[in-house]
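Q: My structure is below; once you've seen it, I'll send some questions.
Every number here is computed from the coordinates shown, using simple stated rules; none is lab data. Small disclaimer: the values here were computed from a predicted structure and weren't measured. Don't worry about glycine lacking a Cβ; one is built from the backbone with ideal geometry, like all the others, and counts go over all protein chains shown.
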Amino acid sequence: MAGADSGQTVVVLGGGVGGVAAANRLRRRLDRKHRVILVNREPEFSFAASYLWVMTGQRRASQVTKPLSSLERRGIEVVIGDIETIDAGNRTVSVNGERIGADYLVVSLGADYATDSIPGLSEVGRTFATLAGAQQLEPAIDAITRGRILLVTAAPLYRCPAAPYEAALLIDDMLRHNGVRANVEIALHSAEPGPMGVAGANVSAAVTGILASRGIDYRPSHQIVSVEPGSAAFADAQSEAFDLLVYMPPIRTPAVVGASSLASSAGWIEVDRRTLATAFPGVYAIGDNIQLPLSMGKPLPRAGVFAHAQALVVADNIVATIEGRVTAATFDGRGGCFVEVGSGKAGFGTGDFYAEPSPQVTLRAPSRRHHLAKVAFEYNVMHRWL
Ligand SMILES: Cc1cc2nc3c(=O)[nH]c(=O)nc-3n(C[C@H](O)[C@H](O)[C@H](O)COP(=O)(O)OP(=O)(O)OC[C@H]3O[C@@H](n4cnc5c(N)ncnc54)[C@H](O)[C@@H]3O)c2cc1C
């Protein structure tokens, strides 16, 4: 590998929230003699936090995607292709059959959807968790004039704990707007024992209260096991009828991570909770592909807000190491998440997820201000990051 005085190469794996934030920060802070390379499967960045607005028709797909090649004008080298292997010990990866070596590696490969773990789910149901799925849902919801919409979280572990609850509230809002809500039942059955459980009992109770106030029939701890057209079977042998099934998919570690020495026995990457360093020198991991256990026994939620914060910490520490300075930045477990409730309002759950013995998080009441803050964040991502 190159000496400290010569140019160093930082390779960022993944062009999602964590990867783009890390690459931007590295490029902004590192001397130009050092290379920053970002590798991603798809040529486009796609902002998942806006998919629910695609579902409601408030955004077009083109407004929430951007070519990753736009990073090149800042001096970030972008490689589009499938990462086939990661050799963490030697800090090399293979992409499209080519080997890329790194002095520092940042792994932000997200999470794969494990939709195949529930037979029939992807064939019969629709999801807002992909851009294509969100696009298909908008006309499907708009076409409904009567019947029953069943939303499910297909496992207790999924990306963004707020998203399925926001989806139920936004669908309610769409149906009210269409004047058909009185004829359409909305039920939400979650695999987990309550909404946003890591954020604590108060947040959970507040979200449950909002669902009830909107006439959404909420059933916690109800694990879906299989789906047929018009009917979903659950682990307690009950079945639920529906005209439209909407789901939040389960997740698993990205295949290439699972096949690498970075994977723990559970499949996810384990890191130092403050520095995001892996067991391999010069290799860091951030975002959805890491598992950060909290003292209350559950992992830190998979959320872009954390991937972003972790990206900045890792980038700053890589820059400091390259420049021979003492590394100081740490991830403190603080973060906030908007909860869209419809009618242009959002709540805001924010706090300290590293607090002992359990996270200290409060849900600020839905308001126009929080919704506009999310719009501003989206603008920042889509127009300043890329
Ligand atoms: C519907 C929805 C709403 C959400 N809303 C919010 C929200 O309001 N607030 C919030 O904080 N979070 C939200 N999230 C969660 C947030 O999107 C994720 O936590 C965040 O994107 C994680 O960033 P990441 O960099 O870890 O992974 P990602 O953003 O998923 O990026 C991973 C990238 O790696 C690429 N990749 C994977 N494997 C390979 C491979 N083998 N080769 C090449 N490339 C590969 C993927 O294609 C992807 O581009 C939401 C998620 C969903 C689904």
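Q: Helix check for the chain. Which DSSP H runs span at least 24 Å along their own axis by Cα, with a mean Kyte-Doolittle hydropathy no less than -0.5? Could you put the intermediate results ahead of the total?
A: On the way: long enough: 304-322 (27 Å, 1.40).
Within the chain the helices that satisfy the rule are 304-322.
Q: Sticking to Cα atoms, compute the Rg of segment 146-210 to one decimal and its Dmax as the biggest Cα-Cα distance, whole number, in Å.
A: Radius of gyration, then largest Cα-Cα span, for segment 146-210: 12.6, 36 Å.
Q: Hey, another quick one. Starting from the Cα of SER6, move 7 Å in the Cα-to-Cβ direction to define the label point; list residues of segment 86-108 whose amide nitrogen is under 19 Å from there.
A: 90-93, 99-105, by backbone N distance to the label point.
Q: Also, quick follow-up: So what does log10 I(q)/I(0) come out to for segment 343-386 at q = 0.27, 0.33, 0.34 Å⁻¹, using the Debye formula with one equal point on every Cα and no solvent?
A: -0.85, -0.99, -1.02
Q: Further, regarding this structure: Please give the Cα centre distance for segment 97-156 versus segment 27-86, rounded to the nearest Å.
A: 19 Å
Q: Give the Rg (one decimal place) followed by the Dmax (whole number) of segment 254-386, computed from C-alpha coordinates and expressed in Å.
A: Spelled out, the Cα radius of gyration and Dmax of segment 254-386 are 16.7, 51 Å.
Q: Now for a separate question. What translational diffusion coefficient, in µm²/s and rounded to a whole number, does the Stokes-Einstein relation yield for segment 115-250 at 10 °C and a viscosity of 1.306 mPa s, taking the hydrodynamic radius as the Kirkwood radius over Cα pairs?
A: On the way: Rh = 14.8 Å.
Translational D for this selection: 107 µm²/s.
Q: In addition: With N set to the residue count of the chain, report its C-alpha Rg divided by 2.2 N^0.38 Å to two decimal places. Spell out each step's value before the answer.
A: Details: Rg = 21.1 Å, N = 386, 2.2 N^0.38 = 21.2 Å.
In units of the 2.2 N^0.38 Å rule of thumb, it is 1.00.
Q: Enumerate the lysines that LYS345 could reach by cross-link, defined here as Cα to Cα under 24 Å, with residues fewer than 8 away along the same chain left out.
A: Qualifying lysines at Cα under 24 Å: LYS374.
Q: Still on this structure, I have one more. Which FRET efficiency, nearest 0.05, do THR92 and SER265 yield, Cβ-Cβ r, R0 22 Å?
A: Numbers: r = 24 Å, r/R0 = 1.09.
It comes out at approximately 0.40.
Q: Would you mind ranking TYR158, TYR113 so that the residue whose beta carbon has the fewest other beta carbons within 10 Å leads the list? Walk me through the numbers on the way to the answer.
A: On the way: TYR158 24, TYR113 20.
By the 10 Å Cβ count, ascending: TYR113, TYR158.
Q: With every atom except the alpha carbons ignored, what do you get for Rg and Dmax of segment 1-151, in angstroms?
A: Here Rg and the maximum Cα pair distance are 19.3, 69 Å.
Q: Arranged by the count of other C-beta atoms within 10 angstrom, fewest first, what order do LEU292, LEU372 take?
A: Fewest to most other Cβ atoms nearby, the residues stand as LEU372, LEU292.
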